[in-house]
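Below: the structure, in structure tokens.
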Amino acid sequence: MKPMREATVNDAERALRNGRKKGKKRWKTILRRLVVTVVLLAVLALAGLLGIRALRQEYAVTYDGYTAAIGSITNALSYSGSLQLVNSATYTAGSGATVRSVYVAEGDRVQAGDKLMRLSSGETVTAGFDGTINQVYAAPGDEVNANASLVQLADFIHMKVSLRIDEYDIAQVGVGTACRVTTTATSQTFDSEISSINYISSSTGSVASYTATVLVEVGDGIYPGMQVTVTIPKEEAENVVVLKEEALSFTDTNSAFVYMKAADGTMTEVPVEVGVSNGNYVEIRSGLREGDTVYAVAKTTTTTSGGLLSGLFGSMPMGNMGAGTTRNAGGYSGEKTNRNSGDFGGDFGGAPGRN
């Protein structure tokens, strides 16, 4: 029986030793988990601190100032082109002959029916329309062959401009629509109107275009080939309050307003009614008077301020930030860049600018 007792004792000792080893392992596991938890808490605390510091930033808003003024504004379609002759002719000899008489010189103005040249064959060359002698090719006594050039006549007063009007604008113009032709080189302006429109599209691209012709009577010093701009007024407003379009701000419902400075220095929103715009200046129909200074948000920056509560609930910029974002007037922009133009002339001798 004694050997059995010894075996039981040995088994108990081994069980005790195994229990101690398992306990040590369990404590090591708990310790490792505790260390990991502490590290995670430290990381979260640091992240929270950085988040709070970010929340403690304040908005700093700066404004640009603009002054309302009295002026005139035009919203117009604009096209580029060049002047072309309407009437020109080069007169030739009907048969071989000798030039007997030349009645004109280069630069002379003549009227329809005036004699230009006489040939030995009895042929008399006469002007077919009013114009200016551009070139004389033969002198008295010269022998000329049949169909030889004798004299060239051109009408430099009555000219034309061809315009390409795309499908987006063609419905806004028609024969008789008033327009203004301005020479690029000399800045001379001539009033005219559209004389004809070819409604068969001349475009092979994705946007159809149509050819309109403008007849224009020009003055001295204007010649064919000169570049011109043709503007077709859509809306005009004269002697009205005008303002730089970038001075406008808009609400979420696209209602226009401006910022004005109150007596205590804070910015208040003042609703305005807008009218004609040329993409640069806009008519102010109500809400402002000549000489009023208004403001638009120029930029928003952030600075760090002290204090936890101040950081968490940092002060917002003056006015409604959501509505105060400055942008071009929606619904009042001009035409496409390559066609858009507007005239603005103020009684004050120039366009209003920033303060």
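The values are calculated or read from the model by the stated rules, or taken from the named source; none is laboratory data. Just so we're clear, the structure is a prediction, and the values are computed from it rather than from any experiment. Every residue, glycine among them, receives a Cβ derived from its backbone with ideal geometry; neighbour counts consider all protein chains shown. Note: accessible area is taken over every heavy atom of the protein model, side chains too, but ligands, DNA and RNA are not part of it. Shrake-Rupley method; radii C 1.70, N 1.55, O 1.52, S 1.80 Å.
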Listed peptides 229-239, 75-85 by packing density, highest first (mean Cβ within 10 Å): 75-85, 229-239
Dimensionless Rg ratio for segment 153-293, taking C-alpha atoms and the 2.2 N^0.38 Å reference: 1.48
How long are the semi-axes of the ellipsoid equivalent to segment 59-181, from square roots of 5 times the Cα gyration tensor eigenvalues, in whole Å, largest first? 54, 16, 13
Sort all Cα-Cα distances of segment 138-221 into consecutive 5 angstrom bins from zero, then give the percent of pairs in each bin up to the one containing the longest distance. 3, 12, 17, 15, 11, 11, 9, 7, 7, 5, 2, 1, 0
Using the Kirkwood formula on alpha carbons, the hydrodynamic radius of segment 87-127 in angstrom works out to 10.9 Å
Average Cα contact separation per residue, segment 178-278, under 8 Å, 6 or more apart, as relative contact order %: 21 percent
For segment 113-170, the convex hull over Cα atoms projects on average to an area in nm² of 6.3 nm²
Accessible area (Å², per residue) of segment 65-191, counting only protein heavy atoms and a probe of 1.4 Å: 46 Å²
Hz values of 3J(HN,Hα) by residue in segment 107-123 - Karplus curve (6.51, -1.76, 1.60), Gly and Pro given as x: x, 5, 8, 10, 10, 4, x, 5, 6, 10, 7, 10, 10, 5, 6, x, 6
Under 8 Å for C-alpha pairs, at least 6 residues apart: give me the relative contact order for segment 94-247, rounded to a whole percent. 19 percent
By its C-alpha gyration tensor, with a ≥ b ≥ c as the square roots of the eigenvalues, how is segment 211-251 shaped: rounded for a/c under 1.5, else prolate for a/b larger than b/c, else oblate? prolate
